[in-house]
Amino acid sequence: MKEIIKKIVAKILEWEARLVLARQRPKIIAVTGSVGKTSAKDLIYTVVRSTFTARKNEKSLNSEFGVPLTILNLKSAWSSPIGWFLNLCFGLWRSVLPGEKFKFLVLEIGADHPGDIKYLSSWTRPKIGIITGMGNEIPVHVEFFPDIESLGSEKSELLRVLPEDGRAILNRDDARVWDMRAESVAKITSYGFSPGANIHADNFHTNFPKGISFRVDYAGKSIPVRLSGVIGRGAAYAALAAFAVGTELGINVVTIAEALGKHQFAPGRMRILEGYNNSTLIDDTYNSSPAAVKLALETLHDINLDAEGPSGPSASKSRKIVVLGDMLELGIYSEQEHKKVGTWIRGIADMLVCVGERAKMIGESAIEDGFDPDQVHYCSNSYQAGQLLVSSIQQSDIVLLKASQSIRLERATEMLLADPSHSHTLLVRQEKEWKRKI
């Protein structure tokens, strides 16, 4: 009965959202992928908003419920029946009366199950579609798909609905994504560090802990881009996707670069935070997958501790501490992927903290690969991990924290903040509904 009610509510919300779209007629920009889609969506919105009126999904409301709620400008009612009833009433009100006008709608579209993207894109009818990345590793959300190829095919459904006068924007550096270009009749724009990309980036530089910078070459112009408070090529790829959208909409490239430079990245996505005992935290606790873990570890590896770092010259004594929790939604690939992650630790981390039952396999694999067993620690939950780290963190240590959302690793991050009183603005999942969950 509960599932039937959920389907009825979702259908009513969809009907109301369709009415809003029919009246407003915004141009829809849709984003999907297995890595980086939320950051890309946020950056695209920042660029579009620099010149036009726009609306976007808040946080990761990218499902059969989240997309209609975004269009109707409503919030999730979580598990409140009264809240959902009120949402339906407000949705009806907003579907028939004039509301806030917006020229563009930036939608993140997720795929937890087969058919999700096909369903959402079939009635939202995007004009511009972006696929951010699939990665060479096993992607997240593969659990309910028969194989990786099926998940990739689901993602490419977005490209199939684009019209001939639309635009498909693809990550040129991701082989799986680039192979999808034949699925669309729309014009193709590519972005990446590959020389053949239409939006081509190079001269990537990490200025830890301030941020990253790179150069974008487009249409004979070379434009410097700087992103603050975040590190990693993942952020650069998201910015390149946004740059591509901006050029498609005719926004001046200088305006695009300025908008990107002012962007405030969402919590839990490779954010740089001041930590306890003069340490530096790389907070990547929003979610996790093998591809995202690899990217985060590569970013940590590239931080040069011999250069002047987060605490000046003394940073040469810094340790790199990696805190990894369970990676969920991997289905039959779970064991092999956790063990594979363990083989990436040696040569990058000085200390490894594993959080959760599955993450034990990361530690065991790391030891088998030659990592010092005395520097591997196992914790059953995030609170234990936080307590362990508080007692062992040294000045100028750099701590990377990453796990799937149900591990709630942001709780450990909160314990490590230099000023935990700001956790409600710095960390992911700080809403009261999340706080109630064990």
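Every number in this text was worked out from the coordinates using simple rules, so none of it is lab data. Only a predicted model underlies this, so the values are computations on that prediction, with no experimental measurement involved. FYI the Cβ positions are ideal-geometry reconstructions off the backbone, even for glycines, and counts take in every protein chain you see.
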For Asp350, what is the net charge nearby, where nearby means another residue's Cβ is under 10 Å from its Cβ and Lys, Arg count +1, Asp, Glu -1?
0
At Glu368 and Asn381, where each label point lies 7 Å from the Cα along Cα→Cβ, what is the point-to-point distance in nanometres?
3.0 nm
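What value, in deg cm²/dmol to 500, does the helix sum -39500 (n - 2.57) over DSSP H runs of n ≥ 4 give at 222 nm once divided by the residues of the chain?
Calculated at 222 nm, the ellipticity per residue is -11000 deg cm²/dmol.
I want to verify the translational diffusion coefficient of the chain in µm²/s; compute it with Stokes-Einstein, Rh as the Kirkwood radius over Cα pairs, at 10 °C and 1.306 mPa s. It would help to have the intermediate numbers written out before the result.
Details: Rh = 22.4 Å.
For these conditions, the coefficient is 71 µm²/s.
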Length gained if Lys118 through Ala175 is fully extended, taking 0.36 nm per residue and subtracting the Cα-Cα distance, is 18.3 nm
Which ³J(HN,Hα) values, rounded to whole Hz and listed in residue order, are derived for the range 325-339 from phi using the Karplus coefficients 6.51, -1.76 and 1.60 in 6.51 cos²θ - 1.76 cosθ + 1.60 with θ = phi - 60°, glycine and proline given as x?
x, 3, 9, 9, 6, 9, x, 5, 8, 4, 4, 5, 6, 5, 5
Highest-fluctuation residue, Asn171, Asn198, Asn277 considered, GNM on the chain with Cα pairs under 10 Å:
Asn277
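Given axes a ≥ b ≥ c from the Cα gyration tensor, I'd like to know whether the range 174-332 is rounded (a/c under 1.5), prolate (a/b larger than b/c) or oblate. Display every interim value, and only then the final one.
On the way: a/c = 2.23, a/b = 1.41, b/c = 1.58.
Oblate shape, in that a/c is at least 1.5 and b/c is the bigger or equal ratio.
Equivalent-ellipsoid semi-axes (√(5λ), Cα gyration tensor) for the range 2-262, whole Å, largest first?
On the way: eigenvalues 191, 87, 59 Å².
Equivalent ellipsoid semi-axes, largest first: 31, 21, 17 Å.
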Could you work out which residue, out of Lys37, Lys103, Lys127, moves most in a Gaussian network model of the chain, that is, has the largest mean-square fluctuation with Cα springs under 10 Å?
Lys103
Using only the alpha-carbon atoms, how far is helix 233-248 inclined from the longest principal axis of the chain? Give it as 0 to 90 degrees, nearest 10.
20 degrees
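Given a Förster distance of 41 Å, report the FRET efficiency between Ser222 and Asn73 from their Cβ-Cβ distance, rounded to the nearest 0.05. Intermediate results must be reported in sequence, preceding the final value.
On the way: r = 39 Å, r/R0 = 0.96.
Once the sixth-power term is evaluated, E becomes 0.55.
Compute the Rg to Rh ratio over the range 271-436 from the alpha carbon atoms, using the Kirkwood formula for Rh, and round to two decimal places. Before the final figure, lay out each step's value.
Numbers: Rg = 14.9 Å, Rh = 15.8 Å.
Rg divided by Rh gives 0.95.
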Highest-fluctuation residue, Ala412, Ala235, Ala22 considered, GNM on the chain with Cα pairs under 10 Å
Ala22
Please compare each pair in Lys339/Lys435; Lys56/Lys262; Lys41/Lys340; Lys41/Lys402 to a cut-off of 26 Å on the Cα-Cα distance and tell me which ones are over it.
Lys339/Lys435; Lys41/Lys340
So if I restrict to the alpha-carbon atoms in the range 1-89, what is the Rg, and what is Dmax, the biggest pairwise distance, in Å?
14.2, 46
Give a residue-ordered list of calculated ³J(HN,Hα) values for the range 89-105 (Karplus: 6.51 cos²θ - 1.76 cosθ + 1.60, θ = phi - 60°; whole Hz; x for Gly, Pro).
5, 5, x, 5, 4, 6, 7, 10, 10, x, x, 4, 7, 9, 7, 10, 10
Which FRET efficiency value, to the nearest 0.05, do you get for Ile148 and Glu248 by plugging their Cβ-Cβ distance into 1/(1 + (r/R0)^6) with R0 = 22 Å?
0.15
